[in-house]
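Beneath this line is the structure, given in structure tokens, with notes to follow.
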Amino acid sequence: MIISASRRTDIPAFYADWFTNRLNAGYCLVKNPFNHAQIRQVSLLPRDVDGIVFWTKNAAPILPKIPQLDKFKFYFQYTITPYHSDIESGLADKQKVIIPSFVKLAENIGRERVIWRYDPIIITERYNFQYHVGGFSRLCELLAGSTQKCVISFVVNYKSAAKNLSAVGSKTLDISEKVKLVSELLKIAKSHEIELCACCEIPELYELGVSEISCVDAGLFGVQFPRDKHQREGCNCVKSVDIGGYNSCLNGCKYCYANHAGAEVIGRNYANLENRPGF
């Protein structure tokens with residue numbers, strides 16, 4: 001079994017204590033997002049867990065707890081983008097907290113286990129073509145030597161995020177525009193010895209030389225699992241168990257599909273222990 005921690009909320013950033021407490025207990029409880037009365041017990045015993053994939057925008061809170069993960073195989077999908085508070089309103093300071101934590105994490109567990117996500121790419125009047133070229137270049141300079149791979153993807157207009165994306169003026173790119181931008185990002189990544197990867201993207205990007213990736217990759221744990229049929233078409237992620245709960249992340253990202261309730265509900269879920277991921 002592979003644990004995904006988590007597509008539903010940022011466990012390393014906001015629930016690191018909860019997660020390590022659940023590791024000590026050997027299990028967690030996960031609500032069915034479509035039927036909250038249905039609760040599943042998920043084993044977190046080392047003998048039952050083939051690997052853990054962490055998804056985060058800030059690993060600082062979980063860094064001191066990394067030694068408690070010694071019995072597990074794991075890696076991080078770590079998102080760092082060049083957006084400001086109009087897009088990501090709840091993030092810690094990127095220069096002072098998020099980027100240093102990325103570098104420190106790589107020092108602790110190895111750069112091959114810290115995958116950088118420049119994801120999603122949103123195009124607006126403020127965050128235009130040149131802005132992304134410059135922002136990506138600066139981040140490559142800061143993260144070079146601390147990661148081997150960078151995953152890119154263009155924003156998906158999920159129903160739960162459509163209103164927010166419209167409010168910030170998100171624009172839809174055609175194929176030629178995507179190819180033009182990614183061609184530039186590919187050159188920059190190569191110059192910093194970072195492999196540019198993508199998941200669920202148009203074939204034209206792979207034809208440029210972008211590598212196709214599985215974000216949840218059983219091969220990194222030395223096992224084989226079937227593709228997760230519940231993911232969108234084109235996704236190569238293997239079957240995993242997502243722990244955590246929706247509407248509980250405080251990052252405040254306008255593009256997020258996992259938060260579809262209002263800020264008041266999200267704040268209440270965070271404050272109320274019984275509504276925290278898996279409680």
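Which of S43, V30, A60 sits farthest toward the positive end of the charge dipole of the range 17-60, with +1 on the Cβ of Lys and Arg and -1 on the Cβ of Asp and Glu?
The listed residue farthest towards the positive side: V30.
Could you size up the charge dipole of the chain around its Cα centre, putting +1 on the beta carbon of Lys and Arg and -1 on that of Asp and Glu, and report it in debye to the nearest 20?
The calculated dipole for the chain is roughly 580 debye.
Tell me, what is the per residue accessible area of the range 1-89 in Å², probe radius 1.4 Å?
On the way: 3690 Å² over 89 residues.
Roughly 41 Å² per residue, with all protein chains present.
Give the relative contact order (percent, whole number) for the chain; include only Cα pairs under 8 Å separated by 6+ residues. Write down the numbers at each step before the final one.
On the way: 503 pairs, mean separation 64.8, N = 279.
In percent, rounded to a whole number, it is 23.
Sequence gap at least 6, Cα distance under 8 Å: using those rules, report the relative contact order of the range 136-243 to the nearest whole percent. Present the calculation step by step, with values, prior to reporting the outcome.
On the way: 112 pairs, mean separation 28.5, N = 108.
Over the range 136-243, the number comes to 26 percent.
Positive end of the charge dipole of the chain (Lys, Arg +1 and Asp, Glu -1 on Cβ, about the Cα centre): tell me which of Y78, F129, W18 has its Cα farthest that way.
Of the options given, the answer is W18.
So if a site counts as exposed when it's one of the GluC sites (Glu not before Pro), its DSSP state isn't H, G, I, E or B, and it has at most 14 other Cβ atoms within 10 Å, what's the longest stretch of the chain without one? Can you show the working numbers first?
Working: sites that count: E125, E193, E233.
Longest run free of exposed loop sites: 1-124.
If you place +1 on the Cβ of every Lys and Arg, -1 on the Cβ of every Asp and Glu, and leave all else neutral, what size is the dipole of the range 9-149 about its Cα centre, to the nearest 20 Debye? Could the numbers behind the result be given before it?
Working: 17 positive and 13 negative charges, 63 e Å.
Rounded to the nearest 20 debye, it is 300 debye.
Rounded to the nearest 20 Debye, what is the dipole magnitude of the range 24-100 about its Cα centre when Lys and Arg each give +1 and Asp and Glu each give -1 at the C-beta?
200 debye
Would you list which lysines come within 30 Å of K178, measuring only between C-alpha atoms, while excluding same-chain residues fewer than 8 positions from it?
K57, K94, K149, K159, K163, K187, K190, K229, K239, K254
When 1/r is averaged over all different Cα pairs and the result inverted, which Kirkwood radius in Å belongs to the chain? Walk me through the intermediate numbers first.
Working: mean 1/r = 0.0519 Å⁻¹.
With all distinct Cα pairs of the chain included, I get 19.3 Å.
Determine the gain in length on full extension of the stretch Y158-D48; use 0.36 nm per residue of separation and subtract their C-alpha separation, reporting nm with one decimal. Could the numbers behind the result be given before it?
Values: separation 110, 0.36 × 110 = 39.60 nm, distance 3.34 nm.
Separation in residues times 0.36 nm, less the Cα-Cα distance, equals 36.3 nm.
Using square roots of five times the C-alpha gyration tensor eigenvalues, list the equivalent-ellipsoid semi-axes of the range 160-279 in whole Å, biggest first. Display every interim value, and only then the final one.
On the way: eigenvalues 191, 100, 35 Å².
The equivalent ellipsoid of the range 160-279 has semi-axes of 31, 22, 13 Å.
For the range 1-100, just run the numbers: alpha carbon Rg, then divide by 2.2 N^0.38 Å, N being how many residues it has. Provide the component values of the computation, followed by the final result.
On the way: Rg = 14.7 Å, N = 100, 2.2 N^0.38 = 12.7 Å.
After normalising by residue count via 2.2 N^0.38 Å, the value is 1.16.
The values are calculated or read from the model by the stated rules, or taken from the named source; none is laboratory data. Treat the numbers as computed from the prediction; the structure is a model and nothing was measured. No Cβ is skipped: glycine too gets one built from the backbone with ideal geometry, and neighbour counts run over all protein chains shown. The protein model used for the area step is the full one, side chains on, heavy atoms only, and it has no ligands, DNA or RNA in it. Shrake-Rupley method; radii C 1.70, N 1.55, O 1.52, S 1.80 Å.
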